[in-house]
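Chemist: Dropping a structure here in structure tokens format, bear with me for questions.
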Amino acid sequence: MNYNDNEPLQKGPSRREFLKQASAISAGVALFSTAKANGLPVNKIETPASGNLIVTLSVNGKIKTLELDSRVTLLDALREHLKLTGTKKGCDRGQCGACTVLVDGKRMNSCLMLAGMCEGKKITTIEGLGTPENLHPMQQAFLKHDAFQCGYCTPGQICSAVALVKEGYAKTDTQIRELMSGNLCRCGAYQNILDAIKEVQQAV
């Protein structure tokens, strides 16, 4: 084959660009398949020209539409895109519970959930539980019992405790400790946390 020396050769995508595009496509297909299997409104999960997803989330009673990379977690969507920094990033591996939020009333580690899989779900963060003027009963109990020290784990502890009380499974101190074991407190305020939860539980 003859080449024209004056005509530059067309350069294809680099290996890194190819792998990045393939990864994004694979993640998008996985999200679409999972959403379809779970009966979510897949027609709302769109892929703009950028390769990102258009995701509509219901957060603290408000509808938010975001353009996100398909690999963005719910935690990063809340903190980086919606500026709801009450939800903390701890281990980023689902082991410490600092990022716990409520998804359809159930406590979830937001670092382990893709934002694109939360279409049609109701998300509640610590900001959505109460306000400084009108605290949630669990927030009031945490203040009363000094159930925090540095406060970093507190938002996740409170969200998890609110769901725990609603679940109604924990009847004894041992059961409460077991079902709250996914939320770690490096300051060691566990007894105070237990006392706060029991007060709210007894008032329900």
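The values are calculated or read from the model by the stated rules, or taken from the named source; none is laboratory data. Please read all numbers here as calculations on a predicted model, not as lab measurements. So basically every Cβ, Gly included, is an ideal-geometry build from the backbone, and we count neighbours across all protein chains shown.
Chemist: Taking the condition of being among the small types (Gly, Ala, Ser), buried (at least 19 other Cβ atoms within 10 Å of the Cβ) and in contact (Cβ under 8 Å) with a residue 60 or more places away in the chain, how many residues in the range 99-139 meet it?
Modeler: Of the residues in that region, 3 qualify.
Chemist: Next question. Cβ contacts < 8 Å: first residue over 24 Å from LYS89 (Cα atoms) and at pLDDT below 95, restricted to the range 176-204; second residue of a type in the set (Val, Ile, Thr) and not in a loop (DSSP other than H, G, I, E, B), any location; separation 6+ or different chain. Result?
Modeler: So the pair list comes out as VAL204/VAL165.
Chemist: Please find, among LEU129, LEU112, LEU102, the residue that is under 30 Å from ILE54 (Cβ atoms) and more than 13 Å from the chain's Cα centre (by Cα).
Modeler: LEU129
Chemist: For the range 151-174, does any single residue satisfy the condition of being touching a residue at least 12 places away in the same chain (Cβ under 8 Å), more than 14 Å from ILE197 (Cβ to Cβ) and surrounded by fewer than 23 Cβ atoms within 10 Å (Cβ to Cβ)?
Modeler: Looking for residues that are touching a residue at least 12 places away in the same chain (Cβ under 8 Å), more than 14 Å from ILE197 (Cβ to Cβ) and surrounded by fewer than 23 Cβ atoms within 10 Å (Cβ to Cβ), one finds at least one in the range 151-174, hence yes.
Chemist: Looking at GLU127, GLU119, which one is in contact with a Leu (Cβ under 8 Å, 6 or more places away or on another chain) and at pLDDT below 95?
Modeler: After applying the criteria, what remains is GLU119.
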